[in-house]
Amino acid sequence: MRSKVVAEILSLASITDNLGTNFIGQRVIYYPRLASTMAAAREEAQRGAAEGTVIVAGEQTAGKGRMERVWLSPRGSIALSVILYPAVPYLSYLIMLASLAVVHSIKAVTGLESQIKWPNDVLIDGKKVCGILIESGVRGGEVAYSILGIGINVNVKVSDFPEILSIATSLSGELGREVSRVDVIRCLLVAMERLYLALPGGTVYEEWRDRLVTLGKKVQVRSGITVLEGIAESVARDGSLLLRQSNGSSTRIVAGDVTLRDFE
Ligand code: BTN
């Protein structure tokens, strides 16, 4: 039987009161239980929601991961989606700013160091603590909306979930105590706004590149049905990964799943 996690009550006021942002988190829609914050955010965006509107779920019953995978978000985890309307040239930076904001917030609230695995998984000691999914709609060459979906294993007992036990961790598991989800969410929204506003001429790309655990490592990359192996040589400003294969050729990969191979 799955053991109970004593979940702190998330409330609208606890997230929004004196948040100190100008727009991200100034409107939060909270659902105790929801299929997926992505679908709810898309509906809000299509209705013209203000930039920075955030959908938060206490738990998700059909959480959506990258590559059509399922994302587990039981009570005790963070599941939220932020609606943004960036200009097209900034689209590729959203992945970078979201993962950096998560790394900064985990450090600020818990003191734990985390790393980014290309393109945007956040890991602690090689195990995934956060997944990020970005969905954008483009109409007539303009960004109609971008939705940044962030799932963080905060107070989750991963041993209750055999399907992720070997690859995932949680903040409470790392610390041996529960962590305030409200503190993490507030910190995250503030960090996202700071990084988003700094995009023109900012250093988000450099910060993200320098924090990637992937670079210089031997990796296997799955992109659709293609599997490639090589050294993860560099990343470009558009977020793509340059893979150097053993025959000397290099391939630019726009989307995929990376497995680090160095320890094998
Ligand atoms: C991944 O596969 O690593 C991405 C996981 C993204 C999960 C988050 S939780 C909040 C938002 N709502 C969803 O259904 N998915 C994203």
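Which aspartates and glutamates does Lys157 reach when only Cα atoms under 12 Å apart count, and residues fewer than 8 places away in its own chain are ignored? List returned: Glu174, Glu178. Expressed in units of 2.2 N^0.38 Å, where N is the residue count, the Cα radius of gyration of the chain is 0.98. In this structure, the amide hydrogen of Val129, modeled 1.01 Å from its nitrogen in the peptide plane, lies closer than 5 angstrom to those of Val122, Leu123, Ile124, Thr169, counting only residues at least 5 positions away or on a different chain.
Of the trypsin sites (Lys or Arg not before Pro) in the stretch 116-207, the ones in a loop by DSSP (not H, G, I, E or B) with at most 15 other beta carbons within 10 Å are Arg177. Solvent-accessible area assigned to carbon and sulfur over the chain amounts to 53 percent, based on a 1.4 Å probe. Applying 1/(1 + (r/R0)^6) with R0 = 30 Å to the Cβ-Cβ distance of Gln220 and Glu43 gives a FRET efficiency near 0.20. Residues in the stretch 224-239 carry Karplus couplings, in order, of x, 8, 8, 10, 10, 10, x, 9, 6, 7, 7, 10, 9, 4, 7, x Hz; the curve used is 6.51 cos²θ - 1.76 cosθ + 1.60 with θ = phi - 60°, and Gly or Pro positions show x. Bridge orientation summary for the chain: considering DSSP beta bridges with both residues in this region, about 85 percent are antiparallel. Taking a straight Cα-Cα cut-off under 18 Å and skipping sequence neighbours fewer than 8 places away in the same chain, the lysines within cross-link reach of Lys117 are Lys107, Lys127, Lys128, Lys217, Lys218. Take the chain with all the other protein chains still there, run a 1.4 Å probe, and you get 46 Å² of accessible area per residue.
The values are calculated or read from the model by the stated rules, or taken from the named source; none is laboratory data. None of these values were measured; they are calculated from a predicted model. As a convention, Cβ positions derive from the backbone with ideal geometry for all residues, glycine included, and neighbour counts pool all protein chains shown. The protein model used for the area step is the full one, side chains on, heavy atoms only, and it has no ligands, DNA or RNA in it. Shrake-Rupley method; radii C 1.70, N 1.55, O 1.52, S 1.80 Å.
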